[in-house]
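Here is the structure we will look at, set down as structure tokens.
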Amino acid sequence: MLTPDQRTFYDQTGYVHLPAALPVDLLTMAESVLRRWQNGIIAQWLEAGLVEDAGEQVGFSQRLHQLWIRAGKPRYSRSPRRDLVGKQMYQILTHPVLLDIAADLLGTQSISVHGIFNARPKLPDQKWTDTPWHQDAQYYRDAENTHVVSMWFPLQRVTEHNSCLQVAAGHQQGVLHEGVDDEETGFRGLAPEIRQELTGTSIEMDRRDLLCFGQKTPHRALPNRSDTVRWSMDVRYEATAQSTESGRDKGFVARHPADPAAVESCASWVARWEDLPSGAY
Ligand SMILES: O=C(O)CCC(=O)C(=O)O
């Protein structure tokens, strides 16, 4: 739960960094989901003959990087979503700590998971994974005037050297720009002339820290200049009563004290992804 000062800071700036907010079990589950995703990617490289072995002896902070270099630096899904779906991802999305923080920020106990969540396996020397300045509402315009809180957490310490996020405070009035496709990365983002006006604050974070920001808060990731993987996850929540169409599409009601039967089960949610092929967004 947030302190009154943290809550005021979020309201005034559009973001709040919560040190040591996450329990160890949540990070352990996130790592397990990401290891499963990583095994799938490396299995594809093995099958395509790009690597000779799966490098299972290499540690989690290095393995994707080392195998990616050996494989000739192929492109892979930079924001996997469908391939994270399963029981553990459901447990992460419905973790009581995340739901309590969401309830605090959204001002309601009836919380829906927004259907856009991601992992970001970011390596050095990969311009195409460098997320440019954007507002999340540029990706779901129906939330321009509906509070959707994004929550971002790293699986290791992040600094300006290994791709921490930067946020620009005090821009919650509206969507600053409908969005352009960034020339270098293809990510949708703010137009260059708007980016120039933003003052970025680097949010350096430890494992177990959480960064929360609103759907209109401009943010970006700095490049990863380390020689290790920068692992992170981002998840989103909205008030069930005001849930958006884009949020409901692959999202679900996660907490509803007045009507517990409205909460969607893991099996029902997972079934809604079954028609999407592996690798789909
Ligand atoms: O992790 C990143 O590189 C970008 C994250 C982001 O932009 C988001 O969570 O909205």
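Summary of computed values
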quantity	calculated
Shape parameters for region 3-152, alpha-carbon atoms, Rg then Dmax in Å	18.1, 55
Cα-based Kirkwood hydrodynamic radius, region 184-281, one decimal, Å	17.6 Å
Extension reserve of the Ala48-Gln196 stretch, reckoned as 0.36 nm per residue once the Cα distance is removed	49.0 nm
Lys73, Lys250 arranged by Cβ crowding within 10 Å, fewest neighbours leading	Lys73, Lys250
Within the chain: Cβ-based charge dipole about Cα centre, in debye rounded to nearest 20 (Lys, Arg +1; Asp, Glu -1)	480 debye
Computed [θ] at 222 nm, deg cm²/dmol, the chain (DSSP H ≥ 4; -39,500 (n - 2.57); rounded to nearest 500)	-8000 deg cm²/dmol
Estimated D of the chain in µm² per second, where Rh is the Kirkwood radius over Cα pairs and Stokes-Einstein applies at 25 °C, 0.890 mPa s	127 µm²/s
Farthest positive-ward along region 1-138 dipole, Cα basis, beta-carbon charges - from Pro4, Leu105, Gly14	Gly14
Dipole of the chain, positive direction: furthest Cα of Thr244, Ile41, Val58, with charges on the beta-carbon	Val58
Fewest-first sequence of Asp100, Asp182, Asp209 by Cβ atoms within 10 Å of each Cβ	Asp100, Asp209, Asp182
Dipole of region 98-217, positive end: most advanced residue of Gly115, Gln166, Ala137 [Cβ charges, Cα centre]	Gly115
Set of lysines near Lys73 by C-alpha distance (under 25 Å), chain-local residues within fewer than 8 positions excluded	Lys122, Lys127
Modelled FRET efficiency - R0 41 Å, Asp259 with Asp181, Cβ distances, 0.05 increments	0.50
Least to most buried among Asp275, Asp227 (fewest other Cβ within 10 Å first)	Asp275, Asp227
Per-pair calculated FRET efficiency, R0 = 41 Å: Glu245 and Arg70 via Cβ, rounded to 0.05	0.40
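We did not get these values from a lab; they are worked out from the coordinates using the rules stated. Since the structure is predicted, the reported quantities are computational estimates derived from the model, not experimental observations. Cβ sites come from the backbone with ideal geometry, for glycine too, and all protein chains shown count toward neighbours.
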